[in-house]
1. Restricting to region B:331-341, and then to whatever is part of a loop (DSSP other than H, G, I, E, B) and among the hydrophobic types (A, V, I, L, M, F, W, C), can you tell me which residue is farthest from the other protein chains (Cβ to nearest Cβ)?
2. Within region A:66-87, take every residue that is surrounded by fewer than 16 Cβ atoms within 10 Å (Cβ to Cβ) and of a type outside the set (D, E, K, R) and give me the one that is nearest to the other protein chains (Cβ to nearest Cβ).
3. Which one of the conditions (1) over 21 Å from A:GLY263 (Cα atoms); (2) within 13 Å of another protein chain (Cβ to nearest Cβ) does A:THR43 fail to meet, given that it meets all the rest?
4. Any chance region B:201-211 includes a residue that's among the charged types (D, E, K, R) and in contact with a Pro (Cβ under 8 Å, 6 or more places away or on another chain)?
5. Among the numbered criteria (1) surrounded by fewer than 15 Cβ atoms within 10 Å (Cβ to Cβ); (2) in contact with a strand residue (DSSP E or B) (Cβ under 7 Å, 6 or more places away or on another chain), which single criterion is violated by A:SER146?
6. Just the residues that are surrounded by fewer than 19 Cβ atoms within 10 Å (Cβ to Cβ) and farther than 24 Å from A:SER306 by Cβ, please, taken from region B:360-377.
7. I'd like the full set of residues that are over 22 Å from A:ALA72 (Cβ atoms) and not in a loop (DSSP other than H, G, I, E, B), limited to region B:342-385.
8. Going through B:ALA161, B:ALA211, B:ALA232 one at a time, which residue ends up being within 17 Å of B:VAL37 (Cβ to Cβ), buried (at least 24 other Cβ atoms within 10 Å of the Cβ) and not β-branched (Val, Ile, Thr)?
Amino acid sequence: MSDAFASLVHDLGTAFKESSGEPWPDDVFERWALRVFAYQFETNPVYAAYVGKRGVTPSQLDHWSEIPWVPASAFKAVPFVSGDSSRVQRIFRTSGTTAVGRRGEHHVLDLDLYKHSLVPNMRRHLYSGILPILALAPAPAQAPESSLSFMLGVALEVLSGGEGGFFVTRNGVIDTVGLSAALVEASARETPVLLAGTAFAFVHWLDWLKEQSSGGFNLPPGSLIMETGGFKGRSRVLERPEFYAALSEAHGVPCEAIVNEYGMTELLSQFYDGPVAATSGMALEARRHVPPPWVRTRVLDPNTLSPLSTGEPGLLCHYDLANAGSVMAVLTEDLGIAVNDGFRVLGRAQGAEARGCSLAMDDLLSGVRS
Amino acid sequence: MTTTFDAFWPPSSSSESPTAESPFAWETIDLSESLVVRYPVWSDDAAERLLDALKEVGTRLADVPVHYVVSGVGRVADRFLDSSDPIRSRAIDLLVPTAGISKEMASEVLTGMARDWTAERLDELLQRELRDRGVLDGFRRLDEGRSVRASGPPLTFHVGAGTVPGVSVTSMIRALLVKSAVLLKPGLGDVVLPVLFAEALAEEAPELAGAMAVTYWLGGSSPLEGLALERAGVVVAYGSDEAITSLRARTPVTARFIAYHHRFSVGLVGRGALTAERASHVARMAARAVSMFDQRGCVSPQAIYVEEGGAVGPGEWAALLASAMADLEVELPGGYVTASEASAVHQTRGSAELREAAGSGVRVFRADEGLWTVILEDELGFTPSCLNRVVSVFPAPDLCDVAGSLGGVGRYLQTVVVEGADDRLPKLAEALRRAGATRITSFEKAPWPPPWWRHDGASVFAGLIRWVDLEEIDS
């Protein structure tokens, strides 16, 4: 690994670890962002050529917000590696939803930097103590291309003290017997747990409980549910209030103990619409996702891509320092509005299908995270 | 000032209204700051009464001669084409916020559509399809051994897509020509022309006034939908694969179901069109075909294959196309796009620019402010467009290879433009037929298929009419 990358990762990892979780002052984020951008401009010739075509160079930038973004769907088109591509440790891939669609790829040069980002962020939002994690997702060894499985694997090891397990097979089948047993055991031990997984896995789990005429499994007090991923390309879609009410009923947890993780394969940092304390008694639509200090999110006008003021809906564009080894600025297809300490996700831009009688295949949309 | 447009005909104030139910409950949709679209909420009873009334009028239409329909519709078309008639300016003003297109585009689209509704064009359609339009009025002896008569069902139910304004009027006209009463649920983007058309036709041909009802509702939300599917003899549906699937599943086996689902179109430019003299003209026509309807039509090319080895190469031709797209953005500006549509364009463009930056042969030509984008690809393939004037140009070593590369998406293929194939056209047409194409034409004609176009491969009246053969009976 190049010395420049090693020292950047080392310094970033230290900064992430030492962070209290409170937002960094503008000048601190600015310094980091410009350093990461300069590094990426230097070491990623594809990105540098793209940036160059926009007439931007690191020395000319006045503000981190001028760092050119790449569209999330470009992760399907080119490998983004800022550094020595022979040192890529892992390629995470977005889930494929169509036969023709290519999957997005995130080439990760240093998995430790991913860990340095995800661990403190999860701890802050989900772990008030050591909770065993019961994951409605495949185990990392079963799904090495899934960034979500990797993240939950790290959580199991580092934050859950090795307690818990994974209850979805590599083919996406829920191990209902195993999960039921684990839930019964948790209930008997009266130790709170973190039940975490993809929204569509939860929907299948809820369907299964219903088929069994099971009233569900009450989780011990203090337990949390973390759901992620949305329903893109799935046969069954639930609106969020309905979904949370069903989860709440099946597991005997209050709605405020259910947290959404907003994440994507293209970003190595995540956003939670917690912490739990702040969601107490708050209506679902009033919740907002809070970035860790090393991420800034801008909301851009969908047509002109110029920045919007707080409260106006637009496309979310994230600047994630944990993406140091790939590309830090990513324009998503998610619509949202900025609020003072984060953003509210309004939904996903769905391409032109709604109005075109001509064919607009959904492989033009960026993939959801697997 | 906000205008309210009633996506409904006949108007509720008319005492002739087959629903005769007053007051209506209304729903509204704010389409822009200046326009609210209002549509009635149908109770089970009102829906029942509307369909009974339409069917009753439809049964009596058999006695209305077809030339009465042709000349009435033709007079309405003439009015839509007459720039001094207030109906034309009203239509254009309302098309802008409802269809989400620019005023210039609205004018172009209205002219292109109404041209095909004139008496002359309708006569030509009937002649080509039926040989003798008199078969719609009575038995005619067209060949040996029998007389024949053609008629439509008393009631047809049309569901429009809303993608291209005017398409649902064409659908209405076809049903009226075969003497069927029409219930039309237009798509939200196409609510204006059917209502104005029905209003004008009721004036020009009063006997047809009671044979038309136009009313919008959100798909699946009205009792009228289920009831109309049960009662209509023919259901004509335009829309997404999902919408078509849902309507088809609810149409009784005894009714005919005519479906126009998602389609896409492509262009092929051969060496014969890549001469110094012709290349830029063909590029201008291609830009027009791509930009018309802001590329939302099934006839809009999404990808263009350009043959290598001509005097003008694919890269140079892509640059000509880009320049023509830029000119057209001024002549026929792009319309309103949703956040999702704009987002799709940014994602597509940005990804292509990164492939360009990666040193492949990809090149991106794009508007600074508008959305038009030309992506020159570096190898033969197919990429569906995200629409709104985004087109890929693929270099093709030989035009005859292109049909093969469309194999995977052939069941969605519709129009194929062929330019400059010269004497290879017959062979190419055969290959495109195998690939799934149903129409082969030029860029200039691509946006405006003639009224006798066999849309997606079926004769215009094939599903609408029922033939009766009266054979010679020895006595």
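1. Step by step, filter region B:331-341, then rank; the result is B:LEU332.
2. Per the criteria, the residue is A:PRO79.
3. (2)
4. no
5. Going through (1) surrounded by fewer than 15 Cβ atoms within 10 Å (Cβ to Cβ); (2) in contact with a strand residue (DSSP E or B) (Cβ under 7 Å, 6 or more places away or on another chain) one by one, A:SER146 breaks only (1).
6. B:SER360, B:GLY361, listed by residue number.
7. Passing the criteria: B:ARG363, B:PHE365, B:VAL374, B:LEU376.
8. None of the other options fit; the residue is B:ALA161.
The values are calculated or read from the model by the stated rules, or taken from the named source; none is laboratory data. Keep in mind it's a predicted model, so treat the numbers as computed, not measured. No Cβ is skipped: glycine too gets one built from the backbone with ideal geometry, and neighbour counts run over all protein chains shown.
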